[in-house]
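A short worksheet on the structure shown next.
The values are calculated or read from the model by the stated rules, or taken from the named source; none is laboratory data. From a predicted model like this one, the values you see are computed outputs, not experimental measurements. In this analysis, Cβ positions are derived from the backbone assuming ideal geometry, glycine residues included, and neighbour counts consider all displayed protein chains.
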Amino acid sequence: MDSTSSSAYHRHRRKDKVVVIMGATGTGKSKLSVDLATLFPFSEIINSDKMQVYRGLDITTNKIPIEERLGVPHHLLGEVDPVNGEFTPSDFRSRGGSIISDITSRRKLPLVVGGSNSFIHALLVDQFDTESDVFDGSSSTSISSELRYNCCFLWVDVSFPVLSDYLSKRVEDMLDLGMVDELAEFYDPEAKDLEDDSAHRTGLRKAIGVPEFDRYFRKYPPARGLLSAAMVEGTDPKGEDNHLRKGAYEEAVTAIKDNTCQLVKRQIGKIFKLKRSGWDLRRIDATEAFRAAVTSESGGSNKKRWSEIWERQVVEPSVKIVKRFLKE
Ligand code: ATP
């Protein structure tokens, strides 16, 4: 093939199909991806959350637990060693691109799932410029809608007040699951960036929870060699006997909740930017399901109500959209 006919071949070659599930943190993207992969059993999931690509801090970064993955293959989830430095959008483009080629060569469907829009953008655009951050307000480069795959975008959206109530509850659940012990183990008193906020850190040390609890551990270093910081007598951060410690702990928890809400706002801003640039994002409104999750008391009937609404308002419309896309 000469170069002219080779480029004509590439232009006319049918692009690989990719389903992309995007949305702010906490909107149920991981759950939806496994629901869809169960209904379209030839699917494999590629994580596009930039903190979840790293190995470690599974509770803090809220990785979907293995038992909830229901045997669906997940790629780039906890695979990158954080000691190797920052995993960049450009790294994601090349690793994610190879994974998509591998999945499609086996005649399976790639589902890209995660909240990092700079990763999604880098992976999908036809021409990627490593030098420019298209989401930076001062950047002169606009977002291109020329994509290297044939994409079906599902944008899971939850109204902000409902999502922020849910996220506050989720932080409490993460603490109950052992987030403080996980962060205590990760704490490095020798780290050069200990004093810095997340903007000046690299890789996993930026994850929400790490800078906030580094501040706490600087004042109250975790006991080494013990199973749980909270198990040491007199150092229970929730204990009533130590008001200062309790205050510092509450401060860290409040900062985590506030920073998570700030992250949601930034993510929604980026999604609007992609939409305005011509990306065909199909909005799926999951607000009602989340409202049911935050308003009713916990218990079996609540869970049932939640999953009925989730099924009707989120899974069913998503299935319709994906079915139509696969038929095209
Ligand atoms: P992107 O810029 O790629 O769209 P993003 O949606 O994750 O990424 P950013 O505004 O870049 O949004 O914020 C990223 C910061 O949010 C991270 O540096 C980290 O502090 C935090 N963050 C994002 N995802 C997680 C996560 N899963 N767990 C903990 N912190 C997270």
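Observations
- Looking only at residues of the range 31-58 that are part of a helix (DSSP H, G or I) and in contact with an Asp or Glu (Cβ under 8 Å, 6 or more places away or on another chain), we find that the one that is farthest from the ligand (Cβ to nearest atom) is A37.
Residue-by-condition table, conditions (1) surrounded by fewer than 12 Cβ atoms within 10 Å (Cβ to Cβ); (2) in a loop (DSSP other than H, G, I, E, B); (3) at pLDDT 80 or above:
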| position | (1), (2), (3) |
| --- | --- |
| I208 | no, yes, yes |
| F213 | no, no, yes |
| R218 | no, no, yes |
| L227 | yes, yes, no |
| G234 | yes, yes, no |
| A248 | no, no, yes |
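- Selection of the range 129-155 for residues being away from the ligand (no atom under 16 Å from the Cβ), part of a loop (DSSP other than H, G, I, E, B) and touching a Ser or Thr at 6+ places or on another chain (Cβ under 7 Å) yields S142, S145.
- The one condition in (1) surrounded by fewer than 19 Cβ atoms within 10 Å (Cβ to Cβ); (2) farther than 22 Å from K15 by Cα that D49 fails to fulfil: (1)
- Enumeration of residues in the range 52-71 that are surrounded by 18 or more Cβ atoms within 10 Å (Cβ to Cβ) and over 17 Å from L183 (Cβ atoms): V53, I64
- Criterion applied to S30, S48 was being touching a Phe, Trp or Tyr at 6+ places or on another chain (Cβ under 7 Å) and modelled with pLDDT of 95 or more, and the one residue passing it is S48.
- Residue within the range 78-95 that is in contact with a Lys or Arg (Cβ under 8 Å, 6 or more places away or on another chain), of a type outside the set (F, W, Y) and away from the ligand (no atom under 16 Å from the Cβ) present: yes
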